[in-house]
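The values are calculated or read from the model by the stated rules, or taken from the named source; none is laboratory data. Everything numeric in this text was worked out from a predicted model, so none of it was measured. Backbone-built Cβ (ideal geometry, glycine too); neighbour counts: all protein chains shown.
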Amino acid sequence: MHRRKTAWIIMVVLAGSAGIIGLAFATAASGRGIGARSGIGTCLTISQIPANEEMDKQVPNSLPVPNPLNLRQGLPSAARGQNAPAAEASDAKIERILSNLTPSLHLKGRPAVTSTLAARMAALKIPAVSIAVTRDSRIEWTRAYGFRDVEEKLPATPETLFQAASISKPVAAAAALHFVDRGVLGLDEDVNAKLSSWKVPENSFTAKQKVTLRRILSHSAGLTVHGFAGYPAGEPLPALRQILDGEPPANSAPIRVNLLPGFRWRYSGGGFTVLQQLLVDVIGRPFPDIMKEIVLDPAGMTESAYAQPLPDRLLSRAAAGYTSDGTPVGGRRHVYPELAAAGLWTTPADLCKFALEIAAARDGRSDKVLSQKTAQAMLTIEKAPSGLGFMLDGMGADVRFSHSGGNAGFLCDLVFFPERGAGMAVMTNSENGSALIAEIERSIAAEYGLPAFRPVIEKEIVPMDAAALERFAGNYEIDFEGQKTPVTIAVKDDHLAATAADSLREIYPESEMSFFAMDLSLSLLFLKDAGGRITGFIVDGTYPAKRTDK
């Protein structure tokens, strides 16, 4: 899976069955190992209250305008002894970044398009976005724009909590690796040797190779269940054992081994749910308490919690989640008892603090969470594109570790370049967030001279008349690693519209049989039989779909 792996296929397949992972493949990096360097300083959050006359420029025009945005200045340092303040980024720099957003797609023969943040938030119906940027191994600036809750007209601030979704995984991985450092867990031992309240069911695959912690953290354990849908607030919640076995009220399939462990990379939120049970069994404490003591507090992540559902004291600061059409998700935010896989509530600044701590451990400048040896192992490719918790990419000074996430109503991304001490975290409370995140990250990278890890792709639309388009219209079924999802293709003006699980993408022809979405979230290559009839398509060169109508 590479960075451009479509969010659409993951969203539509999992929304109706195994859950939503979104950006884990919409933006997950792929690549090679991570080297050594960088420096950690103060993790200060610096923000300003914008002047009243600037309000309309900073929030979507379609939303009511809060006055003021209440962006608070000066959160405490992340660690004692590292109190040198980060230099405050100039307003001019931030203005350049957020006023020169470019789409991921450039249509050949057409002028390049740039947009402002407010315009893109309005166009994509994204209520709020929160951003943190690191430079010289410290957080240089944070900003938040729009509304964490549209209905209540509550503005977002840098302290607003968002669901980290799958970025929960590398944070949970750090806790597991902490116990590897101390000899409590082994990377290469059978996890069933330490699991006590539940065991990975044995079968013909586990008879040949075992599920190990190394394989779980690198998504190569052969475990099923890609992601999780969550539970609308107020619905019955399953116990962890019920999730593992797919028993009601769990809304996901049983977590089982159906590939030879160690054979190949396949993303598995189910694997991290096994990890959650492993830590609880071995340490003998609730998972949120383990994470707070072992990772969150030592890394200075004071605005973070593995809390599902959120207690009232945190709920009052939490963003509500919104669908792609701008309506709130069921219950305003889903609850994820799959804590290790998807249950972290946090801020972009805290995610950057986590990245800074891992980078510092890698370079031997901190051992608050991990030893240098273990941090270096975490940031080394195990099964491409995964290290032990993070996705890895780049070479030399351009190496980076990253993870991204998507829960119902939330999309986010964390990227860090350890050789440069630079990175960013962007969080949104919208299922449309992937395009905006890419545009913000591209603009930040350009302003700071970082590698172009979000390249602009050029494509050309090939004119196609209605009669030619009509042969693609019909009903199909996608096979996503054994999960079947119906898809409807229809003609819409001079292009096609693909709809699955209430998620619609308009796709345009670039050749006789190939179509793409304008936000690059989807590419379809149609297939035909000897008689020229369309029989199916392949999504992003990976997932097959067959035609189901006659």
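What to note about this one:
Residue-wise test of (1) at pLDDT 95 or above; (2) crowded, with 24+ Cβ neighbours inside 10 Å; (3) in a helix (DSSP H, G or I).
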residue	(1), (2), (3)
Arg143	yes, yes, no
Gly146	yes, yes, no
Glu152	yes, no, no
Thr157	yes, no, no
Phe162	yes, yes, no
Ser168	yes, yes, yes
Val171	yes, yes, yes
His178	yes, no, yes
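- Subset of segment 219-230 (residues that are on the phi < 0 side of the Ramachandran plot and under 16 Å from the mean Cα position of the chain (by Cα)): His226, Gly227, Phe228, Ala229
- Within the set Gly234, Gly246, Gly230, the sole residue that is of a type in the set (Gly, Ala, Ser), surrounded by 18 or more Cβ atoms within 10 Å (Cβ to Cβ) and in contact (Cβ under 8 Å) with a residue 60 or more places away in the chain turns out to be Gly230.
- The number of residues in segment 314-341 being surrounded by 24 or more Cβ atoms within 10 Å (Cβ to Cβ) and closer than 26 Å to Arg120 by Cβ comes to 5.
- Scan of segment 452-494 for residues that are buried (at least 18 other Cβ atoms within 10 Å of the Cβ) and under 23 Å from the mean Cα position of the chain (by Cα), ordered by number: Phe453, Arg454, Ile478, Phe480, Thr485
- Counting only helices (runs of 4 or more DSSP H) that sit wholly inside segment 312-403, those with at least 3 residues that are without any contact (Cβ under 8 Å) to a residue 12 or more places away in the chain and more than 22 Å from Gln277 (Cβ to Cβ) are 312-315.
- Considering segment 182-223, the residues that are of a type in the set (A, V, I, L, M) and not in a loop (DSSP other than H, G, I, E, B) include one that is nearest to Gly246 (Cα to Cα), namely Leu223.
- With respect to the conditions (1) over 30 Å from Ile381 (Cα atoms); (2) at pLDDT 95 or above; (3) in a helix (DSSP H, G or I), Ala92 lacks only one, and its number is (2).
- Candidates are the residues of segment 119-141 that are buried (at least 21 other Cβ atoms within 10 Å of the Cβ) and of a type in the set (Gly, Ala, Ser); the one that is farthest from Thr327 (Cα to Cα) is Ser137.
- Here segment 380-423 is the region considered, the condition is being touching a His at 6+ places or on another chain (Cβ under 7 Å) and hydrophobic (A, V, I, L, M, F, W, C), and the residue that is nearest to Ile437 (Cα to Cα) is Leu414.
- Checked against the criteria, Asp502 counts as within 23 Å of the chain's Cα centre (by Cα) and surrounded by fewer than 16 Cβ atoms within 10 Å (Cβ to Cβ).
- The single residue among Ser220, Ser197 that is outside the structural domain of Lys353 (by TED's automatic domain parsing), more than 16 Å from Leu278 (Cβ to Cβ) and either at pLDDT 95 or above or buried (at least 24 other Cβ atoms within 10 Å of the Cβ) (or both) turns out to be Ser220.
- Taking segment 505-529 as the range and being within 26 Å of the chain's Cα centre (by Cα) and either on the phi > 0 side of the Ramachandran plot or of a type in the set (D, E, K, R) (or both) as the test, the residues that pass are Arg505, Glu506, Asp519, Leu520.
- Phe472 vs. criteria outside the structural domain of Tyr145 (by TED's automatic domain parsing) and modelled with pLDDT of 95 or more: yes
- Segment 279-311, residues that are buried (at least 21 other Cβ atoms within 10 Å of the Cβ), of a type outside the set (S, T, N, Q) and in a loop (DSSP other than H, G, I, E, B): Ala299, Gly300, Met301, Glu303
- Candidate set from segment 95-113 (those that are of a type in the set (S, T, N, Q) and closer than 21 Å to Phe516 by Cα); member that is modelled with the highest pLDDT: Thr102
- Sole exception among (1) surrounded by fewer than 18 Cβ atoms within 10 Å (Cβ to Cβ); (2) outside the structural domain of Lys125 (by TED's automatic domain parsing); (3) under 29 Å from Ala128 (Cα atoms) for Arg264, by number: (3)
- Residues of segment 95-116 classified as outside any strand (DSSP E or B), closer than 16 Å to Ile437 by Cβ and touching a Pro at 6+ places or on another chain (Cβ under 9 Å), total: 1
- Of all residue pairs spaced 6 or more apart or on separate chains, those with beta-carbon atoms under 8 Å, a first member in segment 104-123 that is in contact (Cβ under 8 Å) with a residue 24 or more places away in the chain and a second member that is of a type in the set (Lys, Arg) and part of a helix (DSSP H, G or I) are Ser104/Arg442; Thr116/Lys57; Ala118/Lys57.
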